[in-house]
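K.L.:
Shown below is the structure under consideration.
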Amino acid sequence: MNVLPPSIAELSDDDLITLYTTDAGDPWLRVNFVATLDGSASAAGVSGALGGDDDLRVFDLLRRVADVVLVAAGTVRDEGYGPMVLHDADVTWRRAHGLPDHPVFAIVTGSGSLDPSSRVFTEAPVRPVVLTSAEGAASERGRALAEVADVVSCSTDEHPDTVDVGTIRAALVARGLRTVHCEGGPSFLGALVAADAVDELTLTIDPTLEGGEGPRIARGSSPELRRMRPTHVLRGAGDVLLTRYVRAR
């Protein structure tokens, strides 16, 4: 008896898009991560060593259908992000479905500590959005970033020095960015979980044991468990498992 899940190799890109968008609401916040069997979100300090080609395939397809790609500044620096430019096939698909060529790149930083001369900004096909605190937006760094990005204050009146997760989501929706694809990092995911803001988790499980001090995919403190339900499990090359969970209602 074969108890293994179906192979992703048997599915077309359109099949996968259908699988990954079924039951998605509007607005919708999806979080995408990869982890080892023992729960590490990185190997040698970065996540790119995990998951393999099938994880990258799904990763690209999830960007393809997104209005905005949301990433915390630490992950942008640690993972060496460049400008948010999709592949030609993704652009063609988006045009056929009435979407702009590329999703907006939204970066979260409480302090505004980003380099305006980075390729993330200077080579961006769409003007990025920087989601920061009220103090960060008003700082010299915030004013410099406003030359190359839309700088949006996402603080509450009580805490002008920090970024409020609920305000982030509302700010994106107000800009018409309703399908949010979040790529980390762990501290930001922890804040999203604590705020009960995660609608979906797409998690690739790499069949390796890291055995070191790698972080979990989420780091923080949530007042309660957030129940999710599985929609599918697929098997990739090298026995990688590609899973999707949506919020249990």
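A quick yes/no check of all residues on (1) within 23 Å of GLY80 (Cα to Cα); (2) of a type in the set (A, V, I, L, M, F, W, C); (3) assigned to a strand (DSSP E or B):
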residue	(1), (2), (3)
VAL120	yes, yes, no
ALA144	yes, yes, no
VAL148	yes, yes, no
GLY176	no, no, no
VAL180	yes, yes, yes
GLY184	yes, no, no
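K.L.:
Follow-up question, since we're still on this one. Quick check on segment 197-211. Is at least one of its residues assigned by TED's automatic domain parsing to the domain that holds ARG247, in contact with a helix residue (DSSP H, G or I) (Cβ under 8 Å, 6 or more places away or on another chain), small (Gly, Ala, Ser) and within 25 Å of ARG64 (Cβ to Cβ)?
P.N.:
Among the residues of segment 197-211, at least one is assigned by TED's automatic domain parsing to the domain that holds ARG247, in contact with a helix residue (DSSP H, G or I) (Cβ under 8 Å, 6 or more places away or on another chain), small (Gly, Ala, Ser) and within 25 Å of ARG64 (Cβ to Cβ), which makes the answer yes.
K.L.:
(1) assigned by TED's automatic domain parsing to the domain that holds ASN32; (2) assigned to a loop (DSSP other than H, G, I, E, B): which one isn't true of SER113, the others all being true?
P.N.:
Going through (1) assigned by TED's automatic domain parsing to the domain that holds ASN32; (2) assigned to a loop (DSSP other than H, G, I, E, B) one by one, SER113 breaks only (1).
K.L.:
Mind telling me which of the residues VAL76, VAL71, VAL85 ends up being in contact with a Cys (Cβ under 8 Å, 6 or more places away or on another chain), under 26 Å from GLY112 (Cα atoms) and of a type in the set (A, V, I, L, M)?
P.N.:
VAL71
K.L.:
I need a count of the residues in segment 173-207 that are within 14 Å of the chain's Cα centre (by Cα) and either closer than 27 Å to LEU234 by Cβ or crowded, with 17+ Cβ neighbours inside 10 Å (or both).
P.N.:
At the first step, the residues of segment 173-207 found to be within 14 Å of the chain's Cα centre (by Cα) are 177-193, 197-204.
Cutting the leftovers down to either closer than 27 Å to LEU234 by Cβ or crowded, with 17+ Cβ neighbours inside 10 Å (or both) gives us 177-186, 188-193, 197-204.
Matching residues across segment 173-207 total 24.
K.L.:
A further question on this structure: All but one of (1) of a type in the set (Ser, Thr, Tyr); (2) at pLDDT below 95; (3) in the same structural domain as ASP26 (by TED's automatic domain parsing) hold for THR162; which doesn't?
P.N.:
(3)
K.L.:
Does at least one position in segment 33-52 carry a residue that is part of a helix (DSSP H, G or I) and crowded, with 22+ Cβ neighbours inside 10 Å?
P.N.:
Looking through segment 33-52, none of the residues is part of a helix (DSSP H, G or I) and crowded, with 22+ Cβ neighbours inside 10 Å.
K.L.:
Can you pull out the residues in segment 87-116 that are farther than 24 Å from VAL152 by Cα and among the aliphatic types (A, V, I, L, M)?
P.N.:
If the condition is that a residue be farther than 24 Å from VAL152 by Cα and among the aliphatic types (A, V, I, L, M), then ALA89, VAL91, ALA96 are the ones that fit.
K.L.:
One residue is enough: does segment 136-151 have a residue meeting the conditions within 21 Å of the chain's Cα centre (by Cα), surrounded by 19 or more Cβ atoms within 10 Å (Cβ to Cβ), in contact (Cβ under 8 Å) with a residue 24 or more places away in the chain and more than 18 Å from PHE105 (Cβ to Cβ)?
P.N.:
Checked against the condition, which is being within 21 Å of the chain's Cα centre (by Cα), surrounded by 19 or more Cβ atoms within 10 Å (Cβ to Cβ), in contact (Cβ under 8 Å) with a residue 24 or more places away in the chain and more than 18 Å from PHE105 (Cβ to Cβ), segment 136-151 yields no hits at all.
K.L.:
Considering each of LEU189, LEU172, LEU203, LEU209 in turn, give the residue that is touching a residue at least 12 places away in the same chain (Cβ under 8 Å), closer than 30 Å to LEU4 by Cβ, assigned to a helix (DSSP H, G or I) and not acidic (Asp, Glu).
P.N.:
Exactly one residue qualifies, and that residue is LEU189.
K.L.:
Go through (1) under 17 Å from the mean Cα position of the chain (by Cα); (2) surrounded by fewer than 17 Cβ atoms within 10 Å (Cβ to Cβ); (3) outside the structural domain of GLY112 (by TED's automatic domain parsing); (4) farther than 20 Å from SER40 by Cβ and name the single condition ALA170 misses.
P.N.:
Single failed check for ALA170: (3).
K.L.:
Only one of these is assigned to a loop (DSSP other than H, G, I, E, B), surrounded by fewer than 22 Cβ atoms within 10 Å (Cβ to Cβ) and modelled with pLDDT of 95 or more: LEU99, LEU61, LEU56. Name it.
P.N.:
LEU99
K.L.:
Select from segment 211-240 the residues that are crowded, with 19+ Cβ neighbours inside 10 Å and over 15 Å from the mean Cα position of the chain (by Cα) and write down the one among them that is nearest to LEU29 (Cα to Cα).
P.N.:
As a first pass, look at segment 211-240 and keep what is crowded, with 19+ Cβ neighbours inside 10 Å: 214, 217-218, 234, 236, 240.
Among the residues that remain, those that are also over 15 Å from the mean Cα position of the chain (by Cα) are: 214, 234, 236, 240.
Working: GLY214: 25, LEU234: 21, GLY236: 24, VAL240: 24 Å.
The residue in question is LEU234.
K.L.:
Which of the residues spanning segment 212-249 are closer than 26 Å to ASP60 by Cα and in a loop (DSSP other than H, G, I, E, B)?
P.N.:
GLY214, PRO215, ARG216, ILE217, ALA218, ARG219, GLY236, VAL240, ALA248
The values are calculated or read from the model by the stated rules, or taken from the named source; none is laboratory data. All values reported here derive from a predicted model rather than from experimental measurement. Note that each Cβ is placed from the backbone with ideal geometry, even for glycine, and that neighbours are counted across all protein chains shown.
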